[in-house]
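Throughout, read-outs are computed from the coordinates displayed, never taken from laboratory work. Owing to the predicted nature of the structure, the values given are computational and were not obtained by experimental measurement. So basically every Cβ, Gly included, is an ideal-geometry build from the backbone, and we count neighbours across all protein chains shown.
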Amino acid sequence: MTPTDMTPTEQGLPVVLVHGTRVSGTMWHPVMEHLRHRHPVAAPDLPGHGRRRGEEFTLAGAVEAVAEAVDGLGGRALLVGLSLGGFTAIETARVHPGKVLGLVAVGCSAQPRGALLAAYRATAALAGRYPAAADRISRWAFRSALPGAPGAAMVRGGLSCEVFPDVVEAVAATDPRAALRSYPGPVWLVNGERDQFRRGERQFLAACRDGRLQVVPRRGHIGVLAEPEVLGRVVLDAAAAVAVRSR
């Protein structure tokens, strides 16, 4: 029996991890170490990021990058995304629901509107105008907020702050709650207690057909990566629950 002939429960549920803005799939390396002994895992680079730096970022292109990664693991997988990766994973579940066995959406429980959107547009404009300086600031910020292996993983694949304006506009054009309403599978909304992107979590949870909410104490937006074993356990638990459903 080949891997593609097996059910997800026979080979270990495939997991695709989707990175945030301006970083790359390497940001997930510390978490992957807690998954790879039990699950096939992929962490693709989205357009304009990592090995695909220089490409134009579009959300449609990001969705297809995730779908290709799922296909590489057999055609169905649990999606896990943080920040931009979370919005991309939600959109992938809308566009390709048959490929998504479950969804873990981290740090993306806010509709990018109003003052929040205005603030990020201003930040994005500066990053797009001065990308080299923004890369240096981001590198320092990641290593300061995430000492040791998590911070090193954030910058290992290179930074691409020039994509910020396109990313912000692409996410602003989405309706993640409508996407969640359309997706029939299980959803885990995971947010750091101090994350500004959790402000709409109750509305996002209500939009899920089969949703649950988990808050990581004392952590902020990227701080949820500070202890890879904690987020790894969330993913393992979600994978186990999806595997039971798949049976």
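Please find, in a Gaussian network model of the chain (springs between Cα atoms separated by less than 10 Å), the residue of S182, S144, S24 whose mean-square fluctuation is greatest.
S144
Report, in order of residue number, the helices in the chain meeting two criteria: a C-alpha extent of 15 Å or more along the helix axis, and a mean Kyte-Doolittle hydropathy of at least -0.5; treat each whole DSSP H run as one helix.
TM-like helix candidates: 59-72, 84-95, 114-129, 131-145, 228-246.
Rounded to the nearest whole Å³, what is the per residue volume of the convex hull around the Cα atoms of the range 157-220?
Details: hull volume 8.0 nm³, N = 64.
Convex hull volume per residue, Cα atoms: 125 Å³.
In sequence order, what are the phi-derived ³J(HN,Hα) couplings for the range 195-208 according to the Karplus relation 6.51 cos²θ - 1.76 cosθ + 1.60 with θ = phi - 60°, rounded to whole Hz, with x for glycine and proline?
Residue by residue, the range 195-208 yields 7, 5, 8, 9, 5, x, 4, 5, 5, 5, 4, 5, 6, 6 Hz.
Taking only DSSP H segments of four or more residues, each worth -39500 (n - 2.57), what value at 222 nm results for the chain once the sum is divided by all its residues, to the nearest 500 deg cm²/dmol?
Calculated from helices alone, the mean residue ellipticity at 222 nm is -14000 deg cm²/dmol.
Give a quick list of trypsin sites (Lys or Arg not before Pro) in the range 110-156 that DSSP marks as loop, anything other than H, G, I, E or B, with at most 16 other Cβ atoms within 10 Å.
Answer in residue order: R113.
Could you please state, rounded to a whole Å, how far the C-alpha centre of the range 143-179 is from the C-alpha centre of the range 56-125?
If we compute the Cα centre of each part, the gap is 11 Å.
For the chain, modelled as a Gaussian network with Cα springs under 10 Å, which listed residue fluctuates most, H37, H49, H96?
Largest GNM mean-square fluctuation: H37.
Summarise the long-distance tail of P(r) for the range 134-247 by giving the % of C-alpha pairs beyond 23 Å.
44 percent
GNM, the chain, Cα, under 10 Å: largest mean-square fluctuation among L78, L180, L117?
It is L117.
Multiply the residue separation of R156 and I137 by 0.36 nm, subtract the distance between their alpha-carbon atoms, and state the gained length in nm to one decimal.
Extending this stretch completely gives an extra 5.3 nm.
Restricting attention to the range 202-233, which trypsin sites (Lys or Arg not before Pro) occupy a DSSP loop and are surrounded by at most 15 other Cβ atoms within 10 Å? Spell out each step's value before the answer.
Values: sites: R202, R209, R212, R218, R219, R233; in loops: R209, R218, R219.
Those satisfying the criteria are R209, R218.
Using alpha-carbon pairs under 8 Å, 6+ residues apart, how would you state the relative contact order of the chain in percent?
That works out to 24 percent.
Given the Cα-Cα distance of E227 and T123 and 0.36 nm per residue of separation, how much length would full extension add, in nm? Please report the intermediate quantities before stating the final value.
Numbers: separation 104, 0.36 × 104 = 37.44 nm, distance 2.73 nm.
The E227-T123 span can extend by a further 34.7 nm.
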